[in-house]
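Colleague: Please read through the structure below; I'll follow up with questions.
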């Protein structure tokens, strides 16, 4: 009994030490994480104005998510290798500044589909350093005992855009036009983020490697090799679940305002529902992180992946009624907030940290592939059928499959 109490006391002390040393890093990574979702969250409010001005289909507008997804798929492992070799701080600082400028440049779209693709290509390449791998690698290297909660706090950055961007974007688009909205979103959001990243970003894994080389008593960072990770069955299952859940989740997030307005909800109310989902996303990130540090992380992840099936079913039958719609959006927000965190936490647990950048770079490629294709497929389905019912039905099926993939992953084959 005394031994258990002593272990708990040591764990709490270590947790407090980790947070004392790493709180500013977590804050910097959280606001940096918000940059990765800025374009996706704002697109839904600009979709209809773009359609009216240029006569485009929703699938064409949604190329704004497909192009970055393709670039992310192709180059995320390379970005991960760069992070493993040289760290993430400089990459993050440069990328945050250029990403804000690139998003502002979208305001120069002139109706040419080729130019539209080119604008998003530029955005995609300069934005590689704002993606999840950069922030996750830094936070995972700084925390052990409290890694789940630290990742949860970091992930709240993406929820910030879910809360604030829909209502802000609606005001800007309705009052000043979509072009001004993109300029304000790009520059106005990125500048304060850049300041915080400069002040708080560091590379804990690089610091640990330097310390290990200087002191032979230090234990080097452990984990699977990249080749071992590619053959690891739990990691393969985590990757497949990540791909499916991002495909469905991003499709719903990008099209959530049109999905709700289709049921008879006013556009302004739909933007408010989307914002409330962002608040639920923050709760989801923090609660999932806290629970993952204390209980069976795999079981928690399984239940989280299964929950959206209920939300999608509610949207199918809600017919614009407030209560079921609100419940559905809260569930979607909560689980959306936890999905990326689950992928990062389980990747670190089953792959280790020595090659985390490259391993999670592959996961990031799957995240990008799912996010980009899901939105375009959803747009194409709407163009073909005139409603989003098939998207919601597919979401129910995918949620069940994702949960089954994570159920009983087994023990990690590495020392943690």
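Colleague: Here are some values of P(r) over Cα pairs in 20 Å bins from 0, in percent: (i) 27, 57, 16, 0; (ii) 26, 46, 21, 7, 0; (iii) 28, 59, 13, 0. Which one was computed from this structure?
Modeller: Matching the structure shown: (iii).
Colleague: Against the longest alpha carbon principal axis of the chain, how many degrees, from 0 to 90 and to the nearest 10, is the axis of helix 63-86 turned?
Modeller: Roughly 20 degrees between the two axes.
Colleague: Between 0 and 90 degrees, rounded to the nearest ten: what's the tilt of helix 267-294 against the longest Cα principal axis of the chain?
Modeller: 10
Colleague: To continue, here is another question. Give the separation of the Cα centroids, the range 128-149 to the range 314-347, in Å.
Modeller: Cα centroid to Cα centroid, the span is 24 Å.
Colleague: Same structure again: Would the range 32-91 count as rounded, prolate or oblate if I go by the C-alpha gyration tensor, calling it rounded below 1.5 in a/c and otherwise prolate when a/b exceeds b/c, oblate otherwise?
Modeller: It is prolate, given that a/c is not under 1.5 and a/b is the larger ratio.
Colleague: What is the helix-to-structure angle for 356-385, meaning the angle in degrees between its Cα long axis and the longest Cα principal axis of the chain, kept from 0 to 90 and rounded to the nearest 10?
Modeller: The angle comes out near 20 degrees.
Colleague: Now, a different point. Need the C-alpha centroid separation for the range 258-285 versus the range 365-396, integer Å.
Modeller: About 18 Å separates the Cα centre of the range 258-285 from the one of the range 365-396.
Colleague: Most fluctuating residue of 54, 164, 382 in a GNM of the chain with Cα springs under 10 Å: which is it?
Modeller: Of the options given, 54 has the highest mean-square fluctuation.
Where a number appears in this text, it was derived from the coordinates with a stated rule and is not lab data. If you're wondering where the values come from, they're calculated on a predicted model, not measured in any experiment.
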